[in-house]
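First comes the structure, then the notes that go with it.
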Amino acid sequence: MTLPVMEPDLWERGPATLEEWALAVDEGPFASLCLGERIAFDNPETLTLLGAVSAWTSRVRLVTTVVVPQLHDPVLLAKSLATADQLCAGRLVVGVGVGGRAEDYRAVGADLSTQTIAGMADRVAAMRGVWAGETVGGAVRDVGPPPVQAGGPPILVGTMGRRTVQHASAWADGLAGMTLDLGVEEVRRFFDLARKAWADADRPAPRLTTSFWFALDETSGPGGPRGQLHRHLRHYMNWLPPALVDAMAPTTGFAGTAAQLREVLDRFADLGTDEVHLIPTGSGVEQVRRVADVLG
């Protein structure tokens, strides 16, 4: 389950909403609690929030879906993530992506020429060097703390592209994917491609995850679940022309009952998905509890 970090009313409800969500997710039956990054937006800062959710939870994995390494100094990012891994006792999984918004790069003065899979891989390599205890910049001591997990947290690459999968097979531990229209067969082909790429690179089998937006009949407001999802997309996809978002909205994500959502999740389980990361389109914590009830 993903925290509602991109919801427009989050700060009106107050930061306690995030703690309430984290506690509800940690109660189960969810495997992971996810949170994503944006810069030129009104969401909470991801690395700061990682510290908070480490304190609020004790069971679930904590997954960044995704953080963009090119928006950060790689040494400082490695130190921040190792600190988070310590605070959560080794429950951290780091999803990384190149980011789809040039405005985020410009906002922090990042080099737009690094908005590539190669640029991301270079920074992941630098972070792994820090986690391995390599000294940087001629420092007398290495950059600590060491992560709890040997070699650092697992790295999942956020992508929907075939070329990226081929590149990532050399250095990532799996995929932090996404499906817009719940196309199970499309996801199956993508996972098969990843399995082959990792095998060809003589790497352990990749961890395969996907994600999608959801809204429930039982918890949605005016306009029902599809209306809720549409409103969310209009807010979140503010870098796209509104007409394009409106055209996507009728077929993007899941809108229906919690029981129907369980059927969709079962279909993804059948094709070997390790995890589905659900992305909420509202900030009310009751939807977490409704999904939990159905999942058992």
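The values are calculated or read from the model by the stated rules, or taken from the named source; none is laboratory data. This is a predicted model, so every value here is computed, not measured. Positions of Cβ are backbone-derived with ideal geometry, glycine not excepted, and every protein chain shown enters the neighbour counts.
Structural remarks
- The lone criterion from (1) modelled with pLDDT of 95 or more; (2) outside any helix (DSSP H, G or I) left unmet by Gln86 is number (2).
- Test: residue in region 47-57 that is touching an Asp or Glu at 6+ places or on another chain (Cβ under 9 Å), assigned to a loop (DSSP other than H, G, I, E, B) and under 16 Å from Gly95 (Cβ atoms): no
- Search result, residues across region 110-127 that are acidic (Asp, Glu) and assigned to a helix (DSSP H, G or I): Asp122
- Ala205 being among the aliphatic types (A, V, I, L, M), at pLDDT 95 or above and within 22 Å of the chain's Cα centre (by Cα): yes
- If you go through region 252-266 and pick out every residue that is polar (S, T, N, Q) and not in a helix (DSSP H, G or I), you end up with 2.
- Tally of residues being in contact (Cβ under 8 Å) with a residue 60 or more places away in the chain and farther than 23 Å from Asp192 by Cβ across region 255-296: 17
- Selection of region 89-109 for residues being assigned to a strand (DSSP E or B) and either surrounded by fewer than 22 Cβ atoms within 10 Å (Cβ to Cβ) or in contact with a helix residue (DSSP H, G or I) (Cβ under 7 Å, 6 or more places away or on another chain) (or both) yields Leu92, Val94, Val96.
- Residue pairs meeting the criteria (Cβ under 7 Å; at least 6 apart or on separate chains; first in a loop (DSSP other than H, G, I, E, B), in region 235-251; second modelled with pLDDT of 95 or more): Met237/Val245; Trp239/Glu103
- Subset of region 224-265 that is of a type in the set (Ser, Thr, Tyr) and surrounded by fewer than 18 Cβ atoms within 10 Å (Cβ to Cβ) - its residue that is nearest to the chain's Cα centre (by Cα): Thr251
- Among residues of region 153-176 being assigned to a strand (DSSP E or B) and in contact (Cβ under 8 Å) with a residue 40 or more places away in the chain, the one that is nearest to the chain's Cα centre (by Cα) is Ala176.
- Only residues that are more than 15 Å from Ala24 (Cα to Cα), part of a helix (DSSP H, G or I) and of a type outside the set (Phe, Trp, Tyr) were counted across region 267-296, and they come to 3.
- Matching residues in region 20-46 - criterion: being in a loop (DSSP other than H, G, I, E, B), modelled with pLDDT of 95 or more and within 18 Å of Ala292 (Cα to Cα): Glu27, Pro29, Phe30, Ala31
- Note on region 16-37: residues that are surrounded by fewer than 22 Cβ atoms within 10 Å (Cβ to Cβ), within 29 Å of Trp239 (Cα to Cα) and under 15 Å from the mean Cα position of the chain (by Cα) amount to 1.
- Answer residue from region 113-164, given it is among the basic types (Lys, Arg) and at pLDDT below 95 and is farthest from Gly36 (Cα to Cα) among those: Arg141
- Test result for Leu81, among the aliphatic types (A, V, I, L, M), over 28 Å from Phe212 (Cα atoms) and assigned to a helix (DSSP H, G or I): no
- Residues that are over 20 Å from the mean Cα position of the chain (by Cα) and either touching a residue at least 24 places away in the same chain (Cβ under 8 Å) or under 14 Å from Trp171 (Cβ atoms) (or both), drawn from region 107-117: Ala107, Val108, Ala110, Asp111, Thr114
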